[in-house]
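Derivation of every value follows stated rules applied to the coordinates shown; laboratory data play no part. As the structure is a computational prediction, the values presented were derived from the model and not from experiment. Cβ placement follows ideal geometry from the backbone for every residue including glycine, while neighbour counts extend to all protein chains displayed.
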Amino acid sequence: MGRWLKRIAGLGAFLTVYFGVGALLHFVIFPEDTPLQIDRPRSGEKAVLPGGSTFIYRVTALESDGALFEADWIGEPGAAVPTHTHPSQTVTLEIHTGSLRVVLNGVEQTLNSGDRVTIAPGVKHQWGNPSRGTTRALFQIRPAGKADFVFVQTDRAFHGDAGPLATIVQTIVLIGTHGEHTAWPIEVLRFLVAPTARLFGIQSYYPAAVDRGGAETNETQDSRLAEPIADPSNDTMSGYGVRTTRCPSFFLRCS
């Protein structure tokens with residue numbers, strides 16, 4: 001028994017030193033670079049996320065000085081966005097074609113073409129396409145935050161050539177580093193795995209995830225920004241706080 005206790009104590013001491021030194025090197029002495037403007041997405045970017053959601057960017061945080069992220073949301077049959085909240089951001093969905101099932105604080109409603117719903121900060125929500133056809137909707141979030149950046153990086157994580165383990169680790173590091181209002185378990189996991197992940201070339205973000213070649217021209221972006229943006233105060237629904245070029249591998253450093 002005494003021998004096992006010594007081994008356990010030795011292992012605990014090793015892990016404490018390992019994670020402590022790793023965190024010191026990763027977070028303090030050699031922190032990762034902050035994403036540059038050229039690494040941030042622009043109009044015309046496309047992000048395909050787990051769950052079947054596709055976002056085609058119209059206005060990004062970079063182009064609106066952080067005021068708005070606007071995109072066309074495309075959901076094939078069965079596509080769904082999981083339950084989540086935005087403590088300080090407002091989300092607006094306007095249905096263009098098809099139908100959308102929205103759940104707001106546990107209350108379900110179905111929106112059809114022409115309907116619009118604005119989700120106030122703090123409201124727990126999810127949405128998905130319950131129909132047999134494709135649903136298209138205008139998605140807006142104010143202020144923009146980092147949603148556009150996290151979406152393209154998540155796309156890269158799940159559609160690269162890395163294995164399942166590397167994908168999970170990359171997602172933890174990405175969300176823990178660049179996500180907003182991240183749950184504490186993700187923060188703890190990121191603290192523990194990020195230093196080791198970095199040794200294997202797994203970064204919190206990859207500049208090559210942004211498809212610069214597919215972005216719109218400056219003239220097209222200017223015309224996008226000149227378009228009037230829907231005012232959430234015109235919504236007709238109310239209630240429940242609502243007015244109704246990727247890298248080939250994770251184990252290579254990408255530029």
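Computed quantities for the displayed model
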item: Approximate spin-label separation F30-F200, in nm, with each point projected 7 Å along Cα-to-Cβ; result: 1.8 nm
item: Point-to-point label distance, H84-I38, nm (Cα→Cβ direction, 7 Å offset); result: 2.9 nm
item: Using alpha carbons only: equivalent-ellipsoid semi-axes of segment 147-213, gyration tensor based, whole Å; result: 19, 15, 10
item: Calculated FRET efficiency for the pair I168/Q126, C-beta based, R₀ 25 Å, to 0.05; result: 0.70
item: Stretch gain in nm, segment V17-W4, where the contour uses 0.36 nm per residue and the Cα spacing is subtracted; result: 2.7 nm
item: Under Karplus coefficients 6.51, -1.76 and 1.60, residue-wise ³J(HN,Hα) of segment 94-101 in Hz, glycine/proline x; result: 10, 7, 9, 9, x, 9, 9, 9
